[in-house]
1. Residues of the range 643-655 being under 16 Å from TYR730 (Cα atoms) and surrounded by 23 or more Cβ atoms within 10 Å (Cβ to Cβ), which ones?
2. Could you please find all residues in the range 388-418 being exposed (fewer than 15 other Cβ atoms within 10 Å of the Cβ) and closer than 15 Å to SER509 by Cα?
3. Looking only at the range 575-626, how many residues end up being closer than 28 Å to SER749 by Cβ, assigned to a loop (DSSP other than H, G, I, E, B) and open to solvent by 50 Å² or more (accessible area, probe 1.4 Å)?
4. How many residues, within the range 660-683, are at pLDDT below 80 and either touching a helix residue (DSSP H, G or I) at 6+ places or on another chain (Cβ under 6 Å) or open to solvent by 60 Å² or more (accessible area, probe 1.4 Å) (or both)?
5. Given the criterion assigned to a helix (DSSP H, G or I) and in contact (Cβ under 8 Å) with a residue 60 or more places away in the chain, identify the matching residue among PHE230, PHE216, PHE164.
6. Among the residues of the range 232-252, which ones are more than 23 Å from ASP272 (Cα to Cα) and open to solvent by less than 10 Å² (accessible area, probe 1.4 Å)?
7. Could you tell me whether any residue of the range 104-118 is among the small types (Gly, Ala, Ser), within 30 Å of GLN453 (Cα to Cα) and over 27 Å from the mean Cα position of the chain (by Cα)?
8. For PHE135, state whether it is surrounded by fewer than 20 Cβ atoms within 10 Å (Cβ to Cβ), within 30 Å of LEU312 (Cβ to Cβ) and of a type in the set (Phe, Trp, Tyr).
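The values are calculated or read from the model by the stated rules, or taken from the named source; none is laboratory data. These figures come from a predicted structure and were not determined experimentally. Here the Cβ positions follow ideal geometry from the backbone for every residue, glycine too, while neighbour counts run over all protein chains shown. Accessible surface areas use protein heavy atoms only, side chains included; no ligands, DNA or RNA. Shrake-Rupley method; radii C 1.70, N 1.55, O 1.52, S 1.80 Å.
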Amino acid sequence: MDGGSPRPPRRPEREGSYNCDIESMDGSVAGGGPPWRSQNGSAEALLRYDDGGAGDRGSTREPLLRKRTMNTTSQIAIVGANVCPIESLDYEVVENDLFKQDWRSRKKKQIFQYIVLKWSLVLLIGLLTGLVGFFNNLAVENIAGLKLLHTSRLMLKERYFKAFFVYGGCNLVLAASAAAICAYVAPAAAGSGIPEVKAYLNGVDAYSILAPSTLFVKIFGSILGVSAGFVLGKEGPMVHTGACIANLLGQGGSRKYHLTCNWLRYFKNDRDRRDLITCGSAAGVAAAFRAPVGGVLFALEEAASWWRSALLWRTFFTTAVVAVVLRGLIEFCRSGKCGLFGQGGLIMFDLSSTIATYSTPDLIAIIVLGIIGGIFGGLFNFLLDKILRVYSIINERGAPFKILLTITISIVTSMCSYGLPWLAACTPCPADAVEQCPTISRSGNYKNFQCPQGYYNDLASLFFNTNDDAIRNLFSNGTANEFRMSSLFIFFTAIYCLGLVTYGVAVPSGLFIPVILAGATYGRIVGTLLGSISDLDPGLFALLGAASFLGGTMRMTVSVCVILLELTNDLPMLPLVMLVLLISKTIADNFNKGVYDQIVVMKGFPYMEAHAEPYMRHLVAGDVVSGPLITFSGVEKVGNIVHALRITGHNGFPVVDEPPITETPELVGLVTRSHLLVLLNSKNFMKGQVKTSGSFVLRRFGAFDFAKPGSGKGLKIEDLDFTDEEMDMYVDLHPITNTSPYTVVETMSLAKAAILFRELGLRHLLVVPKTPDRPPIVGILTRHDFMPEHIHSLFPNLNPHKYHSASMAG
């Protein structure tokens, strides 16, 4: 993504063709335009726009020539493999009269119920994610193991062509099945899902991103994809799986299936769902890598945008539950009751038996590894970005093209996995081999392949295995001469390229395993080349190589460091892993962003960064609000509200009291679309424009009647029908108006406004005038107004890169 903003996803001509129906898009509600509304109830009057509206700020100086337009920032993004509309999440507490009444009436018993239920849900997230993680491992090991066993038996009989057709045919069927369910059932399940989860926790919602259908396809698509021999992992999809499980439990129940009760109503809001989904993403990492502490740190460092101490406790508890579940089930499988799965323990790649003694010369090798990891990582991200853009064009053509692309990559992968080992010469079995040589079973360090008795094929030991077994072979200690340099170079080139072309096909796929495989391979290469000056075992060099490549691609440090240590149980390597991660990340940061940050931008998610861009300090909040602004009176005509809801996709509307209700216009607050729809549906209308006490609303409704429903279950304006008489009546908006919305003065630095918006998790930020003799609101800022594309459209002469360079130089 280095060098400028990527092309946003194209807006589909027929939204329905993408099966992405959604309640409403988060329109770029903004200000500018006329900071006031016409009393005329017509749609045209409500949308009247005046180019000079936001410019009437008295002495407020505009620092740059402004091109005044509406916010045309893309309201769509690529979710999985499809283009879908997106909207923002409501993390802000809506402090209206209903909320205040509910808070005052809440008893200690209800507060206790809420706390107990939240911890119970966290416990369930850990249990279910642990079970799913175990089921994934069990299924992959048995399916892939049976495939490899059958192929190996045919090769022992020297029926090589039949063996290839069996091997490639099994891969093809598994790959096509994974692509079919992904393309037709849940396109949002394609890819790793980490960018989508990261965007969700930042406040961006999209259709089906965490739906039950996505969860189903994520689980079974990942099993089929990994079993098909693709160069991908199930670790990234497990993060998305954990988030989907958390979202399903946090939906607050289902009225449709009679699975709701009064207790579950507490979680019908985005704030609690955000906390649960954060726990789910941490549980996913813990289940994938059997790394509970690494899961907590991953959620903190990479996934979550908001963090607090209470959330730290809950994520730690969730990952601890996952670890207990996995340990118990793995111990059960050691008795041989789980088919081909059952070897090993909670530690996936145990290197604790390796004695890690290192000296000053070893640091030279570590620095070299870090530099290589940074260069290869930056190149990997650059090439992946180009490939994903090509794939997006193919995927837009429909499900058959997605399946065809997946089948093509499957054939290429099968040809490489089966064909390349034929390039390697047979190697005599070492006399001191700890394991059986040659390996006859489905896995092992010494694969027989086409070699005679007493010989093994080192390249087949890497290719003709599951990805986990290949990593285990690369990490194995005491095997300095097991792999030839030529075999390692071939394997690295193939894995690097296959990892690039595989990610992006319509199957659930993770990047961790391809990156670890490629990094471990060149780590062994460097360890072999520098063996004369280093005393470290080649298996430890493989570990450090994996760490360097992870740092160069993911740009995570603390979480990756702990995950690798939990994976290998090799605490003495901590200083070297830390050093190589820091070096590789520093080198790679000079080229581009981390792979997940890059994909978030490429998919078109309006992600709010933790820091403001330097050029934002040259702008003020009033500079970027764009029209038209639609406001409602405190007591508004039903027809005006209905027209506004029908002709816009806005989700927030300022409420302004006007004469005769007040002597002068004054800002009451903000009312949301969902609350307006609930109130309109009740048809509690008045014939005159008179402010009421709101007692009827308080008696008829509770705060939970306005709570956010589950995905796709809320009211829509199309569901409501009104008579002409009702359209001419009035409704009092005061009881449902958030009377304490966050506001900023129009002269506030845009950089400060962006930080405020992100840190508070806002959906709307009201911009008010600096002087009192003007209308009470200038406009509304949403996350789309902070996007570089929108700012550049307003200020074509603004050069963000110049300010960025100046900031870096300073």
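1. Residues satisfying the conditions are ALA644, VAL655.
2. Of everything in the range 388-418, nothing turns out to be exposed (fewer than 15 other Cβ atoms within 10 Å of the Cβ) and closer than 15 Å to SER509 by Cα.
3. 6
4. 1
5. Going through PHE230, PHE216, PHE164 in turn, just one is assigned to a helix (DSSP H, G or I) and in contact (Cβ under 8 Å) with a residue 60 or more places away in the chain: PHE164.
6. Of everything in the range 232-252, those that are more than 23 Å from ASP272 (Cα to Cα) and open to solvent by less than 10 Å² (accessible area, probe 1.4 Å) turn out to be LEU232, GLY233, GLU235, GLY236.
7. Looking for residues that are among the small types (Gly, Ala, Ser), within 30 Å of GLN453 (Cα to Cα) and over 27 Å from the mean Cα position of the chain (by Cα), one finds none in the range 104-118, hence no.
8. When the stated conditions are applied, PHE135 passes them.
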